[in-house]
1. Grab the other residues whose beta carbon is less than 15 angstrom from that of ILE87, score K and R as +1, D and E as -1, and report the net.
2. Can you spot the aspartates and glutamates whose alpha carbon is less than 15 Å from LYS192's alpha carbon? Ignore those fewer than 8 places along the same chain.
3. Rounded, prolate or oblate: which fits the range 165-264 when a ≥ b ≥ c are the square roots of the eigenvalues of the alpha-carbon gyration tensor, with rounded for a/c under 1.5 and prolate only if a/b beats b/c?
4. Please order ILE9, ILE21 by the number of other Cβ within 10 Å, starting at the fewest.
5. Testing the spin-label approximation: label points 7 Å from Cα along Cα→Cβ at HIS69 and GLU227. State their distance in nm.
6. Let me see the P(r) profile for the range 99-213: every Cα-Cα distance counted, bins of 5 Å, each bin given as a percent of all pairs.
7. Helix-only estimate, please: 222 nm mean residue ellipticity of the chain, summing -39500 (n - 2.57) across DSSP H runs of length 4 or more and dividing by its residues, to the nearest 500.
8. Quote the Stokes-Einstein diffusion coefficient, in whole µm² s⁻¹, for the chain, based on the Kirkwood radius over alpha carbon pairs, a temperature of 10 °C and a viscosity of 1.306 mPa s.
Amino acid sequence: MKEIYDLIIIGAGPAGMTSSIYASRANMSVLMLEKKYPGGQMLSTADIENYTGYEEISGPDLSEKMFEHSKKFGTEFAFGEISSVEIEENNIKVLNAGDKQYKAKSVIIATGTEAKLLGIPGEQEFASRGVSYCAVCDGAFFRNKEVVVIGGGDSAIEEAIYLSNIVNKVTIVHRRDELRAQKILQERAFQKSNIEFVWDSIPVEIKGERTVNSIIVKNVKTEETKEIVTNGVFIYIGMNPQTEIFKDLGILDNFGYIPTDEHLATKLPGVFVAGDARQKEIRQIVTAANDGAIAAQSAYKYCELSI
Ligand code: NAP
């Protein structure tokens, strides 16, 4: 471990891993820290078919390829959960992770987002006992059974299609009568004979004994409630930025995302952001990777100038 790295990247999703390739290839000393496994949200994505160069690849496979690539030019990798970041007078960034402390001239925040919770009775109680946020991780437990998917965005529809190839029946519960997901995904879902839709409805309670038995949903137009018998509930209602630890740096917007300029610089010298944690409109693997390249280049220039 170096005393002071040129760059520390926090988070090993597509943004962080791409940053590491660009930065270490530019001969910077780079440490990439990750609290779970390299891959980020890709790890819970079944099929990816819109990342350039791969007509179809599973999320875990793309994660592995990116991780191998990210270490090729000398990036060091460590598991570690950062609890706070401080900036010393000489602009050295100090990252605290348990009893460890890491220091760097520059930092790229690539912490991404995490799944939003519904916050209804039964959600926590049946977590991992029928309630899931990851079809690729848990789908196989529901082979030949019936599941409910909550949400109408890209994730909900994509993962519902994946689940429909494993389970007997998927019921998508959406709070409006129109999906938010891309048209190509909508069309595929509508063509699946074992995907049904419950429109204009929100979940109010997940019920069960040892595992999930049913979900109660309420129609927001008629106020009527009904019980859907199901073995599993997959929740895909959007994401929250994982930026809580940067709150004290004063760089977050009102929603917890981090605004940047076109060089992906925050208002703090030497602190950059790449990927889904950044305040931006399009959140895709390819845009995360794009951010990673820009942020690494900006960090390189910052370190060159600050010598
Ligand atoms: P999202 O686009 O924010 O969609 C969330 C869905 O959940 C929406 O349909 C929303 O309904 C619904 N919802 C939100 N809060 C709810 C609540 N409390 N109760 C019930 N329903 C609720 O989130 P996402 O699908 O996770 O996607 C996140 C980002 O990743 C997006 O930018 C997406 O394009 C991207 N993504 C891309 C791909 C791909 O390109 N293949 C795949 C996955 C994700 P409303 O529609 O009524 O708001």
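Computed from the coordinates by the stated procedures, all read-outs in this text should not be read as laboratory data. Just so we're clear, the structure is a prediction, and the values are computed from it rather than from any experiment. Note that we place each Cβ from the backbone using ideal geometry, even for glycine, and neighbour counts take in every protein chain shown.
1. Here the count lands on +1.
2. GLU146, GLU158, GLU159
3. Prolate.
4. In order of increasing Cβ crowding within 10 Å: ILE21, ILE9.
5. The answer from the label model is 5.0 nm.
6. Over the range 99-213, the share of Cα pairs per 5 Å bin runs 2, 10, 19, 21, 18, 10, 6, 4, 5, 4, 1, 0 percent.
7. -7000 deg cm²/dmol
8. This corresponds to a translational diffusion coefficient of 77 µm²/s.
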